[in-house]
Amino acid sequence: MQIRNLTSWADNGFKYIALAPLIIVLVVLVAAPVVQLVSTSFARTRFASGGIEFTPVGLANYRAAFADQVAMRALLNTTLLAIISVSVETAIAVVLALAVGYSRRGNILYRTIFIFPMLLPPIAIGVMWLMIYDFNYGVLNQVLAFVGVRGPAWLASNYLAFPSIIVVDIWHWTSFVFLIVLAGVETLPHELSESARIDGATEPQIIRRILLPLLKPIILVAVVTRTIFAFKVYEQIYLLTDGGPGNRTEVVSSYIMRVFFNQNRMGYAASLSVLTLLFIAALICVFYLIQARLGRDGRATK
Amino acid sequence: MRSVKSVIGLLLLLAVVAGPAFAGGRSEVASSESDGHPEISILINESPWLGAFREIVSVYERETGNSVEIVGSPYGALLTRITNSLTAPESEFDIVILDEVWANQFYEGGLVAALTDIDPDFAFDSGVLEYNWVTRWDHDLGTNAESGTIYGVPINGNMQIMYYRTDLLSEAGFDPPQTWDDVFEIAEHFYDPPNMYGMVGRATGRPDFGLQAVLHSFDGYLMRYDVDSGNWDIGINRPEALEALNLWLRLVREYSPQDYPSIGQAQMISLMQSGRIPMAYTVTAAAPNFDNPAASAVVGNVGATVVPGPEPGRNAPTTGIQPFAIPNNLPNERKEAALAFLQWVLQPDVQVQFGRAGGIVTRQDAWETLAEDPDFWWAQAVADSTPYARGQIRVAPGGRIFDMLEGLLRQVVVGDLTPEQTLQQAETQIRAIMEDEGYPVQ
């Protein structure tokens, strides 16, 4: 009995000892910077005595963040950009993934073409779209001029700047969602759709009743990952509009960057970063709650 | 087997002997021909005058035998790299280029060395332009002042000048604009969209830089130190500031292309190069762009004058000076090597050489020498502008104030705020920032 207990303890102990190096690496690489970020968010920083001086200020940075109209506008813009872009990208990506996944010819060619935008560096994408949108010399306005239409100032218009940014984001990131969903499509058993077809189901019925429910978990993974990325958008905003006109395209990342470096307010920038982190975490929780509810409803229907 | 061992042994010997020669790291030992200083590394922004700077650095290397490594950085990444370097245990660079707008926080925080701490006898000679004491910092007053300690050397003497098309103005019978009324008259005459516009202003990417030339020409001010009370006076919400803001909005919007809210310095230069505007006021460093046949359609047809004012003589071009400073987190030997270079680069003949290569010099005598050469058609305008030059905000939280102002100005340009709301908000926020940073405000 005692020997069995000792063996069981050794087994359990070994489990923790084996995991220890990984846990230590995770704590050092992930937790430590986050702890530093959080502690900085409760401080005010300034250059003094040849270094950076930290003074504790309690919740002052957080109170300032909620009263900061530009920060709130940046959060709203980022959330809108994430919701609109990710929704449209997901819809397009699912259609493309199903089409490519079930196409009999040119599968590899389509796949290469559709993932191409994802391979380009964001700065190159920014420059490319800047040349497309430019009011005086841009391709878009030259094409419009060719058909007798005077093109607008895409990136300087109060009404068009934000939609123009969303178009770039969709162009850039649809391929990412496409790639994930395509991987899901390729793992689906073909027998299910074939037997449904034999039973007389139409193609839209097969997609709606069989393929989409099976793809739901992988689509959710793509949506969550893409939403996190959408909150990090920076390069294309920096290159295309720099947050303007006014602050219509100001996003969280560009504002934090300005606060941190231009304004030299590290503590306040840290508090904005922590709030963004919490906001994204809350959003992901909502996604998983929706998924759980959809799962329950699905089982109840069956 | 023996021959393999011999080859490996030979390779190891070669690596030991030749390794240091190929190593990419800093050479701490001066070359036998140098005047005794170790190699220095300079962080500088990649700008049109970087080529000119490289030229004079190679002259320095030839003359002294000292080695200099130039590290170029896009302007947008400069502040990040400087902050990282100055707050590290030891700076990566021996000289860093700063910007008038945010240099003061590094002076105030002791992150760059006082030049008189390296060499107690260091002083500027009378020919050096100090641009309202841009590199001197008075820790008691919290601003740039003659009484301040010298923390750097002005290397890029950028200042606004008014560029205009000599051919177009001459054909239409206009003299170079001297007043804001002249500017609007010329703009009205040439405005013929979409082929030609009358005038553009810097509406984004530090729009306050353009506004300040107008504001100061109306005797307005953002803030100033009141010697009598010992307090700072916030002047941005005064009537003259409102008059200046309204005029600046006309400059930015009235005779501009439809995309005026997104026009920054680069777009202004580009519109001038393409011949689509008859004039614009921007930095001196833009001048060589108009002479570049590969990029400009107006080569030989651009002139320059002092930035206009409400009437002749009431001019107030704004400076955008970039000083060189020496990090404080360096061993003395490297600080001395850096200072030796800074002293060399300020010499009159070196400055003229720098100017001829395309640099924006920081000596009045160098501008006057360059003005004698027709190739430097902008030099006389700069020499004429220096007596009127006005500095930007000269307090430690300058970067914070400018960032706030940029946000407000971008909103007033697109009509999200009225001019009155803009100035009221600017006053409230400047007051809050100054008080937050410990400045006495009246």
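Based on Cα atoms of the stretch B:158-305, Rg over Rh with Rh as the Kirkwood radius reads 1.02. Take each residue in A:48-55, count the other chain C-beta atoms within 10 Å of its C-beta, and the mean is 4.
Calculated FRET efficiency, A:ALA292 to B:ASN84, Cβ-Cβ distance, R0 = 45 Å: about 0.55 to the nearest 0.05.
The trypsin sites (Lys or Arg not before Pro) of the stretch A:1-46 include none that meets both conditions, a loop assignment by DSSP and at most 16 other Cβ atoms within 10 Å of the site Cβ.
Exactly which chymotrypsin sites (Phe, Trp or Tyr not before Pro) in the stretch A:145-197 are in a DSSP loop and have at most 14 other Cβ atoms within 10 Å? Write down the numbers at each step before the final one.
Details: sites: A:PHE146, A:TRP154, A:TYR159, A:TRP171, A:TRP173, A:PHE176, A:PHE178; in loops: A:TRP154, A:TYR159.
Those satisfying the criteria are A:TYR159.
Screening chain B for whole DSSP H helices of 15 Å or more along their axis (Cα) with average Kyte-Doolittle hydropathy at least 1.6 returns B:2-22. Listed by number, the DSSP H helices of chain A that run 20 Å or longer by alpha-carbon position along their axis and have mean Kyte hydropathy of at least 1.6 are A:69-102, A:212-230.
Based on Cβ point charges of +1 for Lys and Arg and -1 for Asp and Glu, what charge dipole magnitude is obtained for the stretch A:171-302 about its Cα centre, in debye rounded to the nearest 20? Don't jump to the answer; show the numbers that get you there.
Working: 13 positive and 9 negative charges, 97 e Å.
Roughly 460 debye, rounded to the nearest 20.
Averaged over B:198-207, how many beta carbons belonging to a partner chain fall within 10 Å of each residue's beta carbon?
Working: counts 0, 0, 0, 0, 0, 3, 6, 2, 0, 1.
Mean partner-chain Cβ count within 10 Å for B:198-207: 1.
P(r) tail, chain B: Cα-Cα pairs separated by more than 28 Å, 53% of all pairs.
Here the gap between A:ALA18 and A:ALA124, fully extended at 0.36 nm per residue and compared with their Cα-Cα distance, gives a gain of 33.7 nm. Stretched out straight at 0.36 nm per residue, the stretch from B:THR386 to B:GLU69 would grow longer than its current Cα-Cα span by 110.9 nm. For the stretch B:416-442, backbone nitrogen atoms closer than 20 Å to the point 7 Å from A:ALA60 Cα along Cα-to-C-beta are found at B:428-442. Considering only beta bridges that DSSP places wholly inside the protein assembly as shown, some 75 percent are antiparallel. Equivalent ellipsoid of the stretch A:72-301: semi-axes from √(5λ) of the C-alpha gyration tensor, largest first, are 36, 25, 14 Å. Separation of the stretch B:276-347 and the stretch A:107-183, taken as the distance between their Cα centroids, equals 36 angstrom.
Note on A:ILE108 and A:SER39: their simple-model spin labels are 5.4 nm apart, each label 7 Å out from Cα toward Cβ.
Can you tell me the FRET efficiency between A:GLN69 and B:GLU61 if r is taken as the Cβ-Cβ distance and R0 is 41 Å, rounded to the nearest 0.05? Display every interim value, and only then the final one.
Working: r = 52 Å, r/R0 = 1.27.
In this case the efficiency is close to 0.20.
In a Debye calculation with equal point scatterers on the alpha-carbon sites of the stretch A:158-235 and no solvent, what is log10 I(q)/I(0) at q = 0.14, 0.16, 0.25 Å⁻¹? Debye output, listed in q order: -0.61, -0.72, -1.12.
For the segment B:101-111, counting C-beta atoms of other chains within 10 Å of every residue's C-beta and taking the mean gives 3.
What share of the DSSP beta bridges in chain B is antiparallel, in percent to the nearest 5?
Details: 27 of 38 bridges.
Taking every DSSP beta bridge within chain B, about 70 percent pair in antiparallel fashion.
FYI, it's all coordinate maths here, none of it is from the lab. This structure is a prediction, so every number in the text was calculated from the model and none was measured. In this analysis, Cβ positions are derived from the backbone assuming ideal geometry, glycine residues included, and neighbour counts consider all displayed protein chains.
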